Amino acid sequence: MLIDTVAWVRIEDGRILCARPRGKGVFYIPGGKREGSESDLETLVREIKEELTVSLDPGTVLHAGTYEAAAPGLPGTVVRMACYTAEYQGELAPSSEIEDVAWFSYADRDRVPPVDQLLFDDLKAAGHLP
């Protein structure tokens with residue numbers, strides 16, 4: 001089984017934005033699953049508006065990589081995460097479905113799921129996460 005997701009990679013001052021959904025104990029790169037036949041861009045814009053109350057600028061969206069890893073606690077399930085950078089408008093704030101937001105450094109890598117850890121590794125290798 002495949003869980004197909006998109007994620008917004010936002011790095012500021014050497015830290016990456018992460019969000020913890022209400023009722024969950026783990027942080028994730030913000031984003032989520034597509035609905036119906038949504039494109040990656042449509043999914044990304046909708047999910048980030050729903051989770052963080054900001055509007056992504058579609059003209060600035062750039063693919064930053066796609067990662068796959070086993071889904072924790074779901075044997076035989078793989079998570080695919082297509083990652084994108086983008087500029088935004090508005091003030092970052094957690095929505096009703098998000099309990100908390102945090103800015104993580106590479107040292108926080110163990111606080112995110114395996115697929116997110118692959119992104120952390122690439123960002124560290126590229127010098128984006130000290």
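The values are calculated or read from the model by the stated rules, or taken from the named source; none is laboratory data. Quantities reported herein were computed from a predicted structural model and do not represent experimental measurements. All Cβ positions, even for glycine, are placed from backbone atoms using ideal geometry, and neighbour counts span all protein chains on display.
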- Task: Provide a single number: the residues in region 66-84 that are buried (at least 16 other Cβ atoms within 10 Å of the Cβ), touching a residue at least 60 places away in the same chain (Cβ under 8 Å) and within 14 Å of the chain's Cα centre (by Cα).
- Result: 5
- Query: Only one of these conditions is not met by E47: (1) buried (at least 19 other Cβ atoms within 10 Å of the Cβ); (2) charged (D, E, K, R); (3) in contact with a helix residue (DSSP H, G or I) (Cβ under 9 Å, 6 or more places away or on another chain). Which number is it?
  - Reply: (3)
- Note on the structure: Those residues of region 2-39 which are basic (K, R) and either in a helix (DSSP H, G or I) or within 16 Å of A86 (Cβ to Cβ) (or both) amount to R10
- Task: State whether one or more residues within region 103-114 are surrounded by 17 or more Cβ atoms within 10 Å (Cβ to Cβ), assigned to a strand (DSSP E or B) and under 14 Å from the mean Cα position of the chain (by Cα).
- Result: yes
- Mind telling me which of the residues E42, E68, E47 ends up being within 24 Å of L123 (Cβ to Cβ), at pLDDT 95 or above and in a helix (DSSP H, G or I)? E47
